[in-house]
Structures are given as structure tokens and as C-alpha cells.
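Colleague: Structure incoming, see below.
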Amino acid sequence: MDVEKDRNIKYSPEPTPAKFHASRKFARYLQGPVGSGKSVACTMEAITRCMEQRPFQNVRRSIWAIIRNTFPRLLDTTIKTFCHWVPLLDTPNYKFVIKQSPRLHGELWMMLEDRTEVEAEFIFLACDSDASVGQLKSMELTGVWINESSEIPLEVFRQACQRCKRFPPKDMGGYNWTGVIIDSNPPSTRSWLYELVEVKRPHWFEAFKQPPAVLRMPGKKPEDPPIYVPNTGQVAGILPAENVLHQNAGFNYWLMMTEGTSEEYIRVFLQGEYGRTTSGKPVYDNMTYRDETHCARTTLEVYRGLPILIGWDFGVIKSACVICQLTPNGQFRVLDELCAGDMGLHEFVKEMVKPLLINKYQGMQVVSVGDPQGVERQATNADATCFNVLATNGIPTHPAPSQNPIARIGAVKSFLKSMAGMDPGFKLSPNCKILREGFNGEYRYRYSNTPQGIVHTDQIEKNEHSHPHDALQYIALWVVQGNVLATGGSGAATAIRKPEVRYRSVAI
């Protein structure tokens, strides 16, 4: 018996890949945990587009490039998966062969039920550096699939986009779809892929994210390490894991990977969260802050009938401020962030903060709260404090109730864990890039090397993310301790007062 010829290929997409297939965008991205079926979905997407291509003289023609970062991985993973779903067979109605010359490529021929024929070429390439981009130049392509795109340079993606829309040519009927599909486990927050997906989001691009395979839960005792459980959809707002039925071991496929593995590995490869560039324990874990829940898809609207809340973190340089609002139903909304870089406070306020307030928030009531250490005299000007500088610039500012980091972080967490009616109690505008990176792991506790190994301390690592996060905590703590948000024992919102009743404010 010929096993290959008797094997019946059936593909039923999971919910996220189904949305991925339905999109007609020029470039599409599928992100998810390891083993979630991303490569299979991309294989079937390429084949489906070949079958749907406009026929010319009864033939549907396509040319695809399929890219992986290294040649061994191209052979061992990408081509292996592709050939599982597009088998190497030669039958009266189907033929697929892989040839080595003039380059590694596959040739597919199929007879469809409507008696049209499919003729498709799949060119397999390894591109792990900018220098390898030359392999794509001069190619005339219908589509490109970049497998594990987080391992591929940006220039390869750019060149892939440029080489599409070229086949079939007009004199052969043209194309009815052309484009680039890419897949990956979640990349680092500093990668070009993160920038494309979360920051730039061009109109011709669409991203699809699969749910986590496992969920992180607290241990039985506070001192116990976290435990990981199958994601069956038991947590509100988190869809169940995908591709479980196609794993021989079911959920055990992922659960076994949690044993003896770093939290960072689990976060990225099993939970589908963005990675971090350096080690360190995140202040906000992925059960407290969830990017898909707490970060808005588009820039948050300013509610002009409500005051704006400004939080400040002061420094000789590297001051930061955040601009927020609290809605009547208790949602804490972060609208803007500003970081001084190497500017002093006076220059920062004059050059960056006031222009934003005047251009975007003119006429609105303002409440300003800062690091209480700002009452101390500045080393560079014995007659001025940070609060004096702000008042001189027309922004009278209150000192925050406390510098205690536990209280400050707890104030932010109280909003992250609450609900405002049917909506999350905390919403971050996507233009707040540094705050967002911090929530996704870059705002973290320091660690120290000891004879027993790496130990995380309770001290926050000072970096570019710590300054806007400190500013956010000061204003959040002021709101919570100022009785604008009354809480019950569980921390859930129980009573809301309109901010303008409580606040002492000034108009910009």
C-alpha cells in the first residue's frame, strides 16, 4: 500500500488562522506560542492563494518565495512542514516535486474540480543577513512567506514586499491577490517586527495573535513559585489555546516545557507575550498587564469635559511626565508620555510639555502631581525647586502622597485589575511607547549576582522606562488616595466621584 497516496489531507483552521485566511491585506502577520500551528496555516494560505489565482488560458499561475533564516532550519523545519501538507506525489491529478537546480525550489501542478490547472513554483531561500537580500532581487513573485520572521532582518521583509505584484504579468491575465505573509513567536519589544505590528501599523498590514497555551497562576502559598495550567478559556477575556487537538500529547506538549524553564521562555514561547531584551523580573507580570486588553488599538480620544491628570518624575536630567484622565465610571486612561532625555526640567517644560498642553489640551482643567522629592532645592539653582519651576511655567503641582514604591505600584495595579463597567479599568494609548515597553517587561526589578546565583532584589532598575513609570505611579497614587476612586476590600470599584468636584485645578 502506498501510504503517501492514501493519506487524506484535511485542514480545519483554528479561529485565529481562520481570520488570518479571510483577510485580503497585502501583508499579514500570524503570531502565537510554539506549536500553535502558525507554519501550517501559512503553508495552507500559500496553497489556497495559488488555487484562487485568476486563470489564464485555463491555468492558474503563481510564483512564491519561502524564506527562513538559515539553510539547516529551512530544510529541517520549513520545508518539512510544507511537504507534510503539500506531499511529494505524482498522480494523474496532482504532482509536486522538489528540484535542486538551478536553485532549491518546488514545482506544483494540480487539476481542480472546475477543470482549471494550478501551476505554482515555490523558491526556498535562507536569508539571515542584509547581504542575503540579493537573492530576492530581480525575482518576479506573486507571494512571499517569511517563516519565523523575528529571526529575519528588516531589509529582507522590505525587499519581499517590493518583489511581489510582479507575477503573473498583465499579458498572462495578471493576479487577483499578491502579497507577503509572515509568522513568528513573539519578538523582542526592540525588534523591527514589534515596531511594525504595534507602532507603525500601516494600512496595508494586519496582525493576528493567537491566545496563550498556558496560564500563569500564583502558587498555593505566597512564597511558592507560580504554577502553569492549560488555557481552556477559564479566564475572562482570554480565548482558549489553539491547536491542542493536533498535538499528540494535548496540553502536556506545553506543560512539560514549563518544567525547569525560565519565566522569560514561558512568557514568550508558551504564553505568546512579547520578549524582553535583557534579564530581570518584570514589575507587572502578564496576569496583571495584558497588552491585548490594556493597550488600545488606536490612539485614545481626549474627553474634553474631564480634567487631565499630569504625573511627574523629576531628575537633574531625564525627567518624565504622563498625561491621563479618569472617566466617571472609573477607567484610568493614559493619553500621552513625554521624556526629557538630557534636558533639564525648565527646558523640558518649555520645549516639550507646554507646547503639547497648548496644542492638544488647551482650555482643559489640569491636575498636576509630582515626585514629593521635588520640594528639595535644585543643585543647579539653590532658589528653585522642581515645583517652583512648574508653577513658574503655569503648572501648579501637588506633591504625591508617598514615594513608597509598593504603594505607588499598587495604585497602578489597582486599575489594571479592576473593571470600569464592561471595560478594563486601565487603558493605555499606543502612542505611549516607552510605558508600553515597560509594561511588557522592560520596567523591572534589579538583580544581583551572588554565590547562589542570580537573585532579584526589590529595587527597581533605573532605565529609560523607569522614569515615565514613576510619573504614572505618582498620579495614580494621588487619584487612589485622594478618594476619587473608593474601593472595597477586594479592590473593585464601588463608588466614583466626578473628578471636577474633588480637584483643585487650573486651566491651560
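Colleague: For region 231-273, give me each residue that is in contact with a Pro (Cβ under 7 Å, 6 or more places away or on another chain) and part of a loop (DSSP other than H, G, I, E, B).
Modeller: Across region 231-273, the qualifying residues are Asn231, Thr232, Gly233, Ile238, Leu239, Pro240, Ala241, Glu242, Phe251, Gln271, Gly272, Glu273.
Colleague: Quick one: what pairs do we get from region 468-480, first residue touching a residue at least 24 places away in the same chain (Cβ under 8 Å), second polar (S, T, N, Q) and in a helix (DSSP H, G or I), C-beta under 9 Å, 6+ apart or different chains?
Modeller: What qualifies is Ala476/Ser414; Val480/Ser414.
Colleague: Looking at (1) surrounded by 13 or more Cβ atoms within 10 Å (Cβ to Cβ); (2) modelled with pLDDT under 95; (3) over 31 Å from the mean Cα position of the chain (by Cα), which one does Arg73 not meet, given that it meets all the others?
Modeller: (3)
Colleague: May I pose another question? Could you list, in sequence order, the residues of region 229-238 that are buried (at least 16 other Cβ atoms within 10 Å of the Cβ) and at pLDDT 95 or above?
Modeller: Passing the criteria: Pro230, Asn231.
Colleague: Gly260 is checked against (1) touching a strand residue (DSSP E or B) at 6+ places or on another chain (Cβ under 9 Å); (2) at positive phi and fails just one. What number does that condition carry?
Modeller: All conditions pass for Gly260, except number (1).
Colleague: Would you pick out the residues in region 252-292 that are β-branched (Val, Ile, Thr) and surrounded by fewer than 14 Cβ atoms within 10 Å (Cβ to Cβ)?
Modeller: Just the residues of region 252-292 that are β-branched (Val, Ile, Thr), to begin with: 258, 261, 266, 268, 277-278, 283, 288.
Thr261, Thr277, Thr278 - these are the residues of region 252-292 that are β-branched (Val, Ile, Thr) and surrounded by fewer than 14 Cβ atoms within 10 Å (Cβ to Cβ).
Colleague: Suppose we keep only residues that are hydroxyl-bearing (Ser, Thr, Tyr) and either not assigned by TED's automatic domain parsing to the domain that holds Cys50 or not in a strand (DSSP E or B) (or both) within region 78-129. Which one would you say is surrounded by the fewest Cβ atoms within 10 Å (Cβ to Cβ)?
Modeller: First, the residues of region 78-129 that are hydroxyl-bearing (Ser, Thr, Tyr): 78, 81, 91, 94, 101, 116, 129.
Adding the requirement that they be either not assigned by TED's automatic domain parsing to the domain that holds Cys50 or not in a strand (DSSP E or B) (or both) leaves 78, 81, 101, 116, 129.
Values: Thr78: 23, Thr81: 17, Ser101: 6, Thr116: 17, Ser129: 11.
For region 78-129, the residue satisfying everything is Ser101.
Colleague: Among the residues of region 155-169, is there at least one that is over 27 Å from Glu206 (Cα atoms) and surrounded by fewer than 21 Cβ atoms within 10 Å (Cβ to Cβ)? If you could, list the steps in order and put the result at the bottom.
Modeller: Residues of region 155-169 over 27 Å from Glu206 (Cα atoms): none.
No, every residue in region 155-169 fails to be over 27 Å from Glu206 (Cα atoms) and surrounded by fewer than 21 Cβ atoms within 10 Å (Cβ to Cβ).
Colleague: If you scan region 12-44, which residues turn out to be of a type in the set (A, V, I, L, M, F, W, C), surrounded by fewer than 22 Cβ atoms within 10 Å (Cβ to Cβ) and in a helix (DSSP H, G or I)?
Modeller: Start the filter on region 12-44 by keeping residues that are of a type in the set (A, V, I, L, M, F, W, C), which leaves 18, 20, 22, 26-27, 30, 34, 40-42, 44.
Restricting the remaining residues to those that are surrounded by fewer than 22 Cβ atoms within 10 Å (Cβ to Cβ) gives 18, 22, 26-27, 34, 40, 44.
Answer for region 12-44, where residues must be of a type in the set (A, V, I, L, M, F, W, C), surrounded by fewer than 22 Cβ atoms within 10 Å (Cβ to Cβ) and in a helix (DSSP H, G or I): Ala18, Ala22, Val40, Met44.
Listed here are the residues, each with its yes/no results for (1) in contact with a strand residue (DSSP E or B) (Cβ under 7 Å, 6 or more places away or on another chain); (2) in the same structural domain as Pro218 (by TED's automatic domain parsing); (3) at pLDDT below 90.
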| position | (1), (2), (3) |
| --- | --- |
| Val268 | yes, yes, no |
| Pro282 | yes, no, yes |
| His294 | yes, no, no |
| Leu300 | yes, no, no |
| Tyr303 | yes, no, no |
| Phe314 | yes, no, no |
| Val334 | yes, no, no |
| Gly341 | no, no, yes |
| Leu345 | no, no, no |
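Colleague: Could you grab me the full set of residues in region 173-196 that are at pLDDT 95 or above and outside any loop (DSSP other than H, G, I, E, B)?
Modeller: Gly179, Val180, Ile181, Ile182, Asp183, Ser184, Leu193, Leu196
Colleague: Which condition number does Val353 fail, the rest of (1) surrounded by 19 or more Cβ atoms within 10 Å (Cβ to Cβ); (2) touching a residue at least 60 places away in the same chain (Cβ under 8 Å) being met?
Modeller: It fails just one condition, (2).
The values are calculated or read from the model by the stated rules, or taken from the named source; none is laboratory data. Because the structure is a prediction, the values reported are computed rather than measured. Neighbour counts run over all protein chains shown; Cβ positions are idealised from the backbone, glycine included.
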